[in-house]
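The values are calculated or read from the model by the stated rules, or taken from the named source; none is laboratory data. The model shown is predicted, which means the values in this text are computed figures rather than measured ones. Here the Cβ positions follow ideal geometry from the backbone for every residue, glycine too, while neighbour counts run over all protein chains shown.
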Amino acid sequence: MDFAQLALYFYGTVLVASAVAVVTLRNPVRSALFLILAFFSAACVWITLEAEFLAIVLVLVYVGAVMVLFLFIVMMLDINLDRLREGFTRYLPIGFLVALVMVVEMILVFSTDEFSVEQFPRPDPHLSDYSNVRELGSLLYTTYVLPFELAALILLVAIIAAISLTHRRRSGTLHQNPADQVKVKSSDRLRVVKMAASPQVEQTEITHEEER
Amino acid sequence: MDSILSLWAWLPIWLQSVIIDLLLIVAIMVPLILGVAYMTYAERKVIAFMHVRMGPNRVGWRGLLQPIADTLKLIFKEIIFPKNSNSYLFLIAPMLSLGPAFAAWAVIPFTDQLVLTNIDASLLYVLALSSVGVYGIIIAGWASNSKYAFISAMRSGAQMISYEIAMGFALVGVLMAAGSLNLKEIALAQEGGIHQWFFLPLFPLFIVYFVSGVAETNRLPFDVAEGESEIVAGFHVEYSGTAFALFFLAEYANMILIAALTVILFLGGWMAPFPIIPFTLIPPIAWFLIKVCGVLFFFLWFRASFPRYRYDQIMRLGWKVFIPVTIVWIVVIAVAKLTPLGFIFS
């Protein structure tokens with residue numbers, strides 16, 4: 001077993017262990033943190049499989065952005081664990097049934113010849129000047145250009161939909177227009193009033209001695 | 001000497017390479033940590049001169065040993081654990097912020113020869129690690145179980161996410177111009193004098209990148225995460241001693257990292273401004289360090305010049321100014337590259 005294989009098994013073990021921890025831990029923040037660890041070790045597994053670009057993008061998108069927001073929400077929510085556990089025994093048989101069906105389905109699918117180990121021989125290791133980024137780019141923009149552009153379009157629609165669903169202008173909120181603030185002149189805000197000086201101002205002068 | 005050499009030859013190959021790698025890592029880390037220490041000294045001195053004060057001048061000649069004294073003081077202080085904190089996460093948070101700040105240095109090319117790992121997607125690697133750094137702050141804020149720390153964690157999380165987008169788009173412009181994701185290739189694409197450096201054709205992106213970098217490192221005028229006058233010291237309000245020092249180290253290491261990246265991406269890396277004789281006599285590594293110091297000076301200059309941004313203004317600047325600017329400039333680059341004017345952007 002060489003070093004790359006050792007690393008693969010190590011990160012695979014961490015991945016599985018942290019994935020188990022995500023669903024078994026009680027504290028939701030800790031679960032979220034273990035999910036981050038799971039993503040991170042998945043990225044490490046991909047690196048050992050020579051998919052360095054995808055691995056870094058996984059860290060960038062999921063660990064760096066998605067999970068930050070996720071953790072944000074989980075930290076702010078006051079989750080009542082007792083209420084969550086209320087229906088546990090009631091839903092246990094149904095959950096067990098669903099899990100059983102899924103396991104059977106997965107065994108049926110993966111035991112076919114399509115997914116046998118012989119179908120996936122170990123790829124030849126690439127030379128050091130092999131560029132993962134370039135290969136991926138040329139595949140995406142030639143062979144798979146239509147699905148790629150469609151996915152981009154769907155994502156764009158999703159962004160616009162999410163913004164338009166949540167963007168409601170509530171009444172009574174105060175807004176600033178920085179352009180107006182910059183353009184303001186002293187004459188808009190300040191009025192110099194000319195007044196006649198009052199003829200006599202009574203002044204009480206405190207002498208030095210009195211102050212003492 | 002012979003016995004050492006024979007011992008070295010006797011070691012297995014993998015152990016030899018591990019030892020060499022460790023030595024190289026130390027060779028980057030030690031100057032970096034020293035750089036952080038003297039960055040604090042430079043910061044105090046520069047701000048003092050801008051305020052017409054003297055700055056630290058008691059420890060050593062002109063206060064030059066002040067950072068050492070500060071470090072020793074922090075090391076000998078006790079680390080206090082707040083009673084209701086999550087002690088495990090409380091302890092791991094400073095390491096989580098320091099780890100990415102140091103790990104990113106693995107791919108930084110100091111000259112065209114001096115680079116620890118020359119990977120193909122090094123620009124993405126740096127971006128990914130700088131986005132991971134926010135976890136240290138968020139976890140510290142949550143684990144401290146303190147209002148101020150928690151508010152700070154929220155603020156810095158939101159700030160990091162919004163400025164990372166602008167930063168990422170600015171980098172997209174750079175990689176379009178250079179045609180590579182490799183930091184070394186990007187620097188080499190700017191060869192041939194100051195007029196080839198990317199800060200000229202990509203000027204809006206240069207400004208956006210640098211200002212976003214200042215915001216990402218939570219430096220003034222974007223330091224709402226620390227905001228002494230509002231939330232005491234933010235996420236590290238409960239930290240003391242070495243744990244606090246680690247946060248400090250991470251913040252300054254990130255600052256130097258942003259400065260180094262700005263130099264590599266926009267200011268020609270290790271290249272001399274004019275490829276003629278008096279400039280080329282200075283070695284490339286010296287040019288790199290001079291430029292990094294110049295960029296770092298701007299961090300200090302900003303701190304002494306600008307008041308802190310209000311929080312909604314930070315968000316406005318990130319989302320409504322920087323992101324549109326970068327998107328427009330990316331389109332400009334993409335279109336210009338197809339016209340005869342494309343030579344400007346390469």
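So if I check each of A:21, A:7, which one is touching a residue at least 40 places away in the same chain (Cβ under 8 Å) and touching a Ser or Thr at 6+ places or on another chain (Cβ under 9 Å)? It would help to see each step written out before you state the result.
Values: A:21 fails: touching a residue at least 40 places away in the same chain (Cβ under 8 Å).
Selected residue: A:7, the only one of A:21, A:7 that is touching a residue at least 40 places away in the same chain (Cβ under 8 Å) and touching a Ser or Thr at 6+ places or on another chain (Cβ under 9 Å).
Is it the case that residue B:107 is of a type in the set (Val, Ile, Thr), surrounded by 14 or more Cβ atoms within 10 Å (Cβ to Cβ) and touching a residue at least 24 places away in the same chain (Cβ under 8 Å)?
Details: of a type in the set (Val, Ile, Thr): yes; surrounded by 14 or more Cβ atoms within 10 Å (Cβ to Cβ): yes; touching a residue at least 24 places away in the same chain (Cβ under 8 Å): yes.
Considered against the rule, which asks whether it is of a type in the set (Val, Ile, Thr), surrounded by 14 or more Cβ atoms within 10 Å (Cβ to Cβ) and touching a residue at least 24 places away in the same chain (Cβ under 8 Å), residue B:107 comes out as yes.
Kindly indicate which of B:99, B:63 is touching a Phe, Trp or Tyr at 6+ places or on another chain (Cβ under 9 Å), surrounded by 12 or more Cβ atoms within 10 Å (Cβ to Cβ) and either within 25 Å of residue B:255 (Cβ to Cβ) or more than 14 Å from every other protein chain (Cβ to nearest Cβ) (or both).
Selected residue: B:63, the only one of B:99, B:63 that is touching a Phe, Trp or Tyr at 6+ places or on another chain (Cβ under 9 Å), surrounded by 12 or more Cβ atoms within 10 Å (Cβ to Cβ) and either within 25 Å of residue B:255 (Cβ to Cβ) or more than 14 Å from every other protein chain (Cβ to nearest Cβ) (or both).
Among (1) surrounded by fewer than 17 Cβ atoms within 10 Å (Cβ to Cβ); (2) modelled with pLDDT of 85 or more; (3) within 14 Å of chain A (Cβ to nearest Cβ), there is one condition residue B:312 misses while meeting the rest; what is its number?
Exception for residue B:312: condition (2).
When you check residue B:152 against the structure, is it out of contact with any Gly (no Cβ under 8 Å at 6 or more places or on another chain) and farther than 30 Å from residue B:202 by Cβ, yes or no? Give the steps one after another, and end with the answer.
Values: out of contact with any Gly (no Cβ under 8 Å at 6 or more places or on another chain): no; farther than 30 Å from residue B:202 by Cβ: yes.
When the stated conditions are applied, residue B:152 does not pass them.
Say we look at the range B:200-228 and pick out the residues that are out of contact with any helix residue (DSSP H, G or I) (no Cβ under 7 Å at 6 or more places or on another chain) and among the hydrophobic types (A, V, I, L, M, F, W, C); which of these is surrounded by the most Cβ atoms within 10 Å (Cβ to Cβ)? Walk me through it before giving the result.
From the range B:200-228, those out of contact with any helix residue (DSSP H, G or I) (no Cβ under 7 Å at 6 or more places or on another chain) are B:200, B:203, B:207, B:211, B:223, B:228; that's our starting set.
Then drop every residue that is not among the hydrophobic types (A, V, I, L, M, F, W, C), which leaves B:200, B:203, B:207, B:211.
Working: B:200: 13, B:203: 12, B:207: 15, B:211: 21.
Checking each candidate, the answer is B:211.
Provide a single number: the residues in the range B:110-123 that are hydroxyl-bearing (Ser, Thr, Tyr), surrounded by fewer than 23 Cβ atoms within 10 Å (Cβ to Cβ) and over 13 Å from residue B:188 (Cα atoms). Spell out the reasoning first.
Quick first cut of the range B:110-123, residues hydroxyl-bearing (Ser, Thr, Tyr) only: B:111, B:117, B:122.
From what is left, the residues that are surrounded by fewer than 23 Cβ atoms within 10 Å (Cβ to Cβ) are B:111, B:117.
Add one more test, that the residue is over 13 Å from residue B:188 (Cα atoms), and what stays is B:117.
Going through the range B:110-123 one residue at a time, the tally reaches 1.
If a residue has to be of a type in the set (A, V, I, L, M, F, W, C), within 22 Å of residue A:51 (Cα to Cα) and within 23 Å of the chain's Cα centre (by Cα) to count, how many in the range A:5-30 make the cut? Spell out how you get there, then give the answer.
Here is the first cut: in the range A:5-30, the ones of a type in the set (A, V, I, L, M, F, W, C) are A:6-8, A:10, A:14-17, A:19-23, A:25, A:29.
Applying the additional criterion that residues be within 22 Å of residue A:51 (Cα to Cα) yields A:6-8, A:10, A:14-16, A:19.
Subset that is within 23 Å of the chain's Cα centre (by Cα): A:14-16, A:19.
Counting residues in the range A:5-30 that are of a type in the set (A, V, I, L, M, F, W, C), within 22 Å of residue A:51 (Cα to Cα) and within 23 Å of the chain's Cα centre (by Cα) gives 4.
Does residue B:231 satisfy being within 11 Å of another protein chain (Cβ to nearest Cβ), β-branched (Val, Ile, Thr) and in contact with a helix residue (DSSP H, G or I) (Cβ under 8 Å, 6 or more places away or on another chain)? Steps first, please.
Numbers: within 11 Å of another protein chain (Cβ to nearest Cβ): no; β-branched (Val, Ile, Thr): yes; in contact with a helix residue (DSSP H, G or I) (Cβ under 8 Å, 6 or more places away or on another chain): yes.
No; evaluated as a whole, the condition is false for this residue.
Inspect the range B:169-189 for any residue being in contact with a Gly (Cβ under 9 Å, 6 or more places away or on another chain) and part of a loop (DSSP other than H, G, I, E, B) and give the result as yes or no.
Initial filter on the range B:169-189 (in contact with a Gly (Cβ under 9 Å, 6 or more places away or on another chain)): B:183-189.
Applying the additional criterion that residues be part of a loop (DSSP other than H, G, I, E, B) yields B:189.
Yes: the range B:169-189 contains one or more residues that are in contact with a Gly (Cβ under 9 Å, 6 or more places away or on another chain) and part of a loop (DSSP other than H, G, I, E, B).
Please tell me if residue B:270 is assigned to a helix (DSSP H, G or I) and of a type outside the set (S, T, N, Q).
On the way: assigned to a helix (DSSP H, G or I): no; of a type outside the set (S, T, N, Q): yes.
When the stated conditions are applied, residue B:270 does not pass them.
Would it be correct to say that residue A:127 is more than 14 Å from chain B (Cβ to nearest Cβ) and loosely packed, with under 10 Cβ neighbours inside 10 Å?
Numbers: more than 14 Å from chain B (Cβ to nearest Cβ): no; loosely packed, with under 10 Cβ neighbours inside 10 Å: yes.
It is false that residue A:127 is more than 14 Å from chain B (Cβ to nearest Cβ) and loosely packed, with under 10 Cβ neighbours inside 10 Å.
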